[in-house]
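Written below as structure tokens is the structure these notes are about.
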Amino acid sequence: MYEKDYIMRLIQDFMRVAARLAGLREKGQFRQLDEEIREAYTSLLKTDYTLVTGFNDQKWDEYINEKQPEEWEMTATLLMTEGEALADQGNADKADGKLRRALDLFLRCEKEMKTFSIDRNEKIQKLKNDLGVTD
């Protein structure tokens with residue numbers, strides 16, 4: 001019961017952060033957006049941003065396998081937001097890596113989580129379109 005309550009509070013907190021991040025991106029406040037993304041990794045996911053974003057594929061898989069599916073979805077949302085902001089600023093190479101990891105995580109969520117999410121499905125389709133991924 002405690003774990004379920006914790007996850008629910010974490011999701012609620014994350015939804016507030018995600019809305020704030022979307023607003024910052026919309027306004028073009030990229031420096032503030034970057035700071036808040038880094039803070040979200042620390043405060044919500046209890047993870048060091050610089051470590052996670054510097055992981056090679058093997059370390060990335062190890063890190064993700066230690067997390068809950070709800071945390072995968074939060075991480076994917078952060079990666080997607082960051083990747084889109086990088087693309088907005090003309091940094092396509094960095095954006096591509098973040099967006100591909102976000103897509104991978106959303107697809108894992110789709111496979112592992114027992115609930116269907118229209119929001120997740122829309123994000124998957126958007127990422128596939130943006131990255132030129134076909135089924």
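Okay, here's what the table says:
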{"read-out": "Distance-filtered residues of segment 45-67 - backbone nitrogen under 20 Å, label point 7 angstrom along residue 89 Cα→Cβ", "value": "48-55"}
{"read-out": "Along principal axes, Cα extents of segment 1-117, largest first, whole Å", "value": "43, 30, 27"}
{"read-out": "In sequence order, calculated HN-Hα J values of segment 7-16 (Karplus, 6.51, -1.76, 1.60; Hz; x Gly/Pro)", "value": "4, 5, 5, 4, 5, 4, 4, 5, 4, 5"}
{"read-out": "Added length on full extension, which subtracts the Cα-Cα distance from 0.36 nm per residue, residue 19 to residue 118", "value": "33.9 nm"}
{"read-out": "Over the chain: helical MRE at 222 nm, DSSP H runs n ≥ 4 each giving -39500 (n - 2.57), nearest 500", "value": "-27000 deg cm²/dmol"}
{"read-out": "Long-range HN-HN contacts of residue 47 with modeled amide H, under 5 Å", "value": "42"}
{"read-out": "Members of 27/67; 67/123; 67/98; 27/126; 27/123 lying beyond 27 Å, as alpha-carbon distances in this model show", "value": "27/67"}
{"read-out": "20 Å Cα-Cα reach of residue 111 towards aspartates and glutamates, excluding residues that sit fewer than 8 places from it in its own chain", "value": "57, 61, 62, 66, 70, 71, 73, 119, 122, 135"}
{"read-out": "Backbone HN-Hα couplings from phi across segment 51-56 [Karplus 6.51/-1.76/1.60, Hz, Gly and Pro as x]", "value": "6, 4, 6, x, 5, 6"}
{"read-out": "Fewest-first ranking of 60, 72, using other Cβ atoms within 10 Å as the exposure measure", "value": "60, 72"}
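Quick note: the coordinates plus some simple rules give every number you see, no bench work behind them. Nothing here was measured: the structure is a model prediction, and the numbers come from that model. Quick reminder, even Gly has a Cβ in these numbers, built from the backbone with ideal geometry, and neighbours come from all protein chains shown.
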